[in-house]
Amino acid sequence: MQIERIDTFSGHRGPIYALEEGVESKIFYSAGSDGWVVQWNLAKPDVGRVMAHIEGSVYAMRLEPDTSVLWIGQNYEGIHGVDVTNQARIFSISLPKQSIYSIQFWGSQVWVGHDGGLITVLDRATKQVIRHVKAGQKSVRTMCLLGTEKLAVGYSDGFIRVFNAGFELVESWQAHQNSVFSVVYRKEDQALYSVGRDAHIKCYSLEDQQEVNSIPGHIYAINDFVFSPDGFHFATASMDKTIKIWETETMQLKKVIDFARYGSHQNSVNRLIWSSYEDLLVSCSDDKNISVWKIHERNSLI
């Protein structure tokens, strides 16, 4: 396996906490502590387009399925909707004055994860609050759909909790010693992968919530986990300033992307996107930069 850094995007004035893919695979969005929401084009890496400026840090944003509306979480204020075709701010939703760490679309609903274990469920069409759901006391850090019937939620108490469409808590287990920062569902093997502050990568069978695999992945907290477009590999991003590439089937480490060898990030790596556009891996960091990587598959040592 060979790693090639394609480009570095700069312009943010503070740490970057959020990345989101666009409708076109070559487009993505970034946001962070400076409140700037920027659109980038992987085919034109020298051009960044400011979509919005939000007062305060942005930890979470999601592009609404089948639309051009980006839902942006503004800490202590709520959600802002920005049409990325014309940069128009088309709605604002006032929510409890708590940090927003995750946003997940689920059919006609939008689930928003806050500090203090609170989830706010919104109606996508009316933007009205449907329900407040609270199943823990610690922050709601990450969410992912398990098909169409269930939603997995990772909390800062180390638990993964699964809800059904009726807002009921149907499954719960302690997956990590402390914060769960990313949960990812893999349909092919009916498994849920998770990473967190304890620096471990976990894999759970959704049939019985039994741990299938657990490996120490990094030295410090693992902030994000993404699969490659073909599913053969996955990447992890860590507070230890590295990105690691793993083989999915064996969960064996294939490559370590660091500053010394590849000129990678010099601070915590916070989020990843593995784009289907030319199979490029995108990373963002506390160092205010976004890096773009080409992963060439071949036999090599780490």
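Of note:
Results for (1) under 22 Å from Ala60 (Cα atoms); (2) more than 15 Å from the chain's Cα centre (by Cα), shown as yes or no for each residue.
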{"position": "Gln137", "(1), (2)": "yes, yes"}
{"position": "Thr142", "(1), (2)": "yes, no"}
{"position": "Asp189", "(1), (2)": "no, yes"}
{"position": "Val195", "(1), (2)": "yes, no"}
{"position": "Lys202", "(1), (2)": "no, yes"}
{"position": "Gly217", "(1), (2)": "no, yes"}
{"position": "Gly231", "(1), (2)": "no, yes"}
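- In segment 28-75, the residues that are within 16 Å of the chain's Cα centre (by Cα) and among the aliphatic types (A, V, I, L, M): Ala31, Val37, Val58, Ala60, Met61, Leu63, Leu70, Ile72
- Every condition in (1) open to solvent by less than 20 Å² (accessible area, probe 1.4 Å); (2) more than 24 Å from Pro216 (Cα to Cα) is met by Leu169 except one, and the failing one is (1).
- Test: residue in segment 119-127 that is among the aliphatic types (A, V, I, L, M), in contact with a helix residue (DSSP H, G or I) (Cβ under 9 Å, 6 or more places away or on another chain) and under 18 Å from Ile79 (Cβ atoms): no
- Residue within segment 21-35 that is part of a strand (DSSP E or B) and at pLDDT below 95 present: no
- Residue within segment 19-27 that is on the phi > 0 side of the Ramachandran plot and within 19 Å of the chain's Cα centre (by Cα) present: no
- Yes/no for Gln137 being under 25 Å from Asn178 (Cα atoms) and out of contact with any strand residue (DSSP E or B) (no Cβ under 8 Å at 6 or more places or on another chain): yes
- Scope segment 28-39; condition open to solvent by less than 20 Å² (accessible area, probe 1.4 Å) and hydrophobic (A, V, I, L, M, F, W, C); matching residues: Phe28, Ala31, Val37, Val38
- Selection of first residues in segment 167-192 that are more than 23 Å from Gly107 (Cα to Cα) and of second residues that are among the acidic types (Asp, Glu), restricted to Cβ pairs under 7 Å at least 6 apart or on distinct chains, gives the following pairs, ordered by first then second residue: His176/Asp198; Gln177/Asp198; Asn178/Asp198; Phe181/Asp224.
- Of all residues making up segment 51-94, the number that are in a loop (DSSP other than H, G, I, E, B), closer than 19 Å to Cys284 by Cα, touching a residue at least 40 places away in the same chain (Cβ under 8 Å) and open to solvent by 30 Å² or more (accessible area, probe 1.4 Å): 1
The values are calculated or read from the model by the stated rules, or taken from the named source; none is laboratory data. Fair warning: this is a prediction, and the values are worked out from it, not measured in the lab. Using ideal geometry, Cβ is built from the backbone for each residue, glycine included, and neighbour counts are taken over all protein chains shown. Ligands, DNA and RNA are excluded from the accessible area calculation, which covers all protein heavy atoms including side chains. Shrake-Rupley method; radii C 1.70, N 1.55, O 1.52, S 1.80 Å.
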